[in-house]
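First up is the structure itself, then whatever we jot down about it.
Quick note: the coordinates plus some simple rules give every number you see, no bench work behind them. Source: prediction; values computed, not measured. Positions of Cβ are generated from backbone atoms using ideal geometry, with glycine treated the same way; all protein chains shown enter the neighbour counts.
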Amino acid sequence: MKVGVVGAGGVGAACLMAMVLRGSARDIVVVDRTAKRAKAVATDIRYGVPLGPRIDVTEGDYGDLAGAGLVMITAGVNERAGGATDRGDPEGRLKLLDKNAEIYRDIVPRIVRAAPEAVLLVVTDPPDPLADLARALAGHDAVLSTGTWLDSMRFRTHIARKLDVSPDTVEAQILGEHGTSEVFIWSGARVAGVALGDLLRRRGADEADFRKGVEQEVRYANIAIIEGNDASQYGIGIVSARIAEAVLRDEGLAVPIGAFSDAHGVTLSLPGVIGRRGLREFYPPSLSDEEQGLLGRSVAALKKAGERLRKV
C-alpha cells in the first residue's frame, strides 16, 4: 500500500503526519517543488516512525510515485496567502482557483505519467473545481475531492458541543460545494437516531437560533483557525488520511465525498461510497424543498467556476 503526497507545505505535512500516526499506508512518498523541503519534512517525521506501525516515509520526485494506489495533491496557494479570509467575500475559497489551476496544469500530468492507476485525491482549495480540472487532465474518473467531509465533521462537532454530547453520536451532513454555498442538511440531522428538531423541541430550545449559531461557527471555522494559526491543516490532514485508507483497503466507506456527478455535471459532495477506484456510487439524499434549492444554487456556483477554467 503506497501513497504519494504532492506538496510538503502545512497541509501536506499534516496529511503525512496523520497517515503515519494512523498507519494508513506501508509506503509514503513526499514530493515538493522544493526538494529540500520535501526531504526536511520526510526526515523529520521519519524519526518518529519507529514508535508506530512499520511505515517507510521517503522524499522523492514524480517518478517515485510509481505504484501508488492514491496520490494526495496538497500543492498550491492557501487561503491566507491567496487572500481568501474575508468572511464577507461570497467568493470564498474560489478566489484561489485561477492560481491553483495553473499549478495543477503543471503537476497533474506528471503524476499521471508516473502513477496512471492511482486515485487522485484533491485537497488543495478550492477542491471541487480543481478535481474537475484534475479529472480532465488525468483522462480518467478516479478523482476525488476531500469535499465537505471535513465540513460535516465540523457540523457534527458544533452540534455536539451545544448539546453536550459526544460527536460520534451525531449524524449530520453538509453537501454541495466545500465553500460559501455549502448546504447544511438539517432535515437529516440525528442524535443517537433521534431527529435533532424533535430533541430541540423537547428541550424547549429555539431551533432557528440553534441553527444560526451552528452555521455561523461551521461556515467560518477555517477563517477562525487561520486567524490564530496561519493555516487550517490538521483536520483536513486527518480526513485525507481516512480517505486514503478507504481507497487502499477498498472499504466501501460511505461518507459525504466530493466526486464528479453525472446528474449535476460537476464535482460536488453527496453521500457516496468510496473504494479502490475512488467513487463507487452516490446515494442520492432525501432533502427538503429548501435544501434542494440550496443544493441547486451550490451546483450553479461550481458550474460558474468551471466556466472560468475553460476560458483560460
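What the table shows:
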item	result
Under 20 Å from the Cα of Lys2 - lysines, other chains or at least 8 residues apart	Lys39
Most positive-pole-ward Cα, Val123, Gly92, Thr34, against dipole of the stretch 2-147 from beta carbon charges	Thr34
Projected label distance in nm at Asp250 and Arg202, using a 7 Å step from Cα toward the beta-carbon	4.3 nm
Sorted peptide list for 223-231, 302-310, 100-108, criterion being average Cβ within 10 angstrom, highest first	100-108, 302-310, 223-231
Choice from Ala241, Ala172, Ala40 with maximal GNM fluctuation in the chain (Cα, 10 Å cutoff)	Ala40
Straight-distance crosslink candidates among lysines, where the alpha carbon sits under 24 Å from Lys99 and sequence neighbours closer than 8 are dropped	Lys36, Lys303, Lys304, Lys311
Between the stretch 2-57 and the stretch 107-145, the alpha-carbon center distance in angstrom	20 Å
Mean Cβ neighbour count within 10 Å, used as a protection proxy, ranking 143-155, 20-32 highest first	143-155, 20-32
Cα-Cα pairs of the stretch 2-147 separated by more than 19 Å (percent)	50 percent
Using a Förster distance of 22 Å, the FRET efficiency for Glu227-Thr180 (Cβ separation, nearest 0.05)	0.80
Positive minus negative residues near Tyr234 (Lys, Arg vs Asp, Glu; Cβ under 14 Å)	+2
Sites Lys303 and Asp141 - FRET efficiency at Förster radius 22 Å, r taken between beta-carbons, to 0.05	0.75
Between helix 127-138 and the chain: long-axis angle, C-alpha atoms, 0 to 90°, nearest 10	40 degrees
Cross-link reach list, lysines versus Lys162, counting only Cα pairs under 17 Å and skipping chain neighbours closer than eight places	Lys212
Where only C-alpha atoms are counted, convex hull volume of the chain per residue in Å³	130 Å³
Contact order relative to length of the stretch 179-312, as percent, for alpha carbon pairs under 8 angstrom and 6 or more apart	22 percent
Sum of -39500 (n - 2.57) over DSSP H runs of 4+, divided by residues of the chain (222 nm, nearest 500)	-14000 deg cm²/dmol
Positive-pole candidate from Gly188, Tyr104, Ser232, dipole of the chain, charges at beta carbon	Tyr104
Among Ser261, Leu295, Thr43 - extreme Cα towards positive end, dipole of the chain, charges at beta-carbon	Thr43
Over the chain, relative contact order from alpha-carbon pairs under 8 Å, at least 6 apart, %	19 percent
Difference of contour (0.36 nm per residue) and Cα-Cα distance, Asp56 to Arg22	10.9 nm
Label-point separation, Arg105 to Lys212 (7 Å along Cα→Cβ), nm	4.5 nm
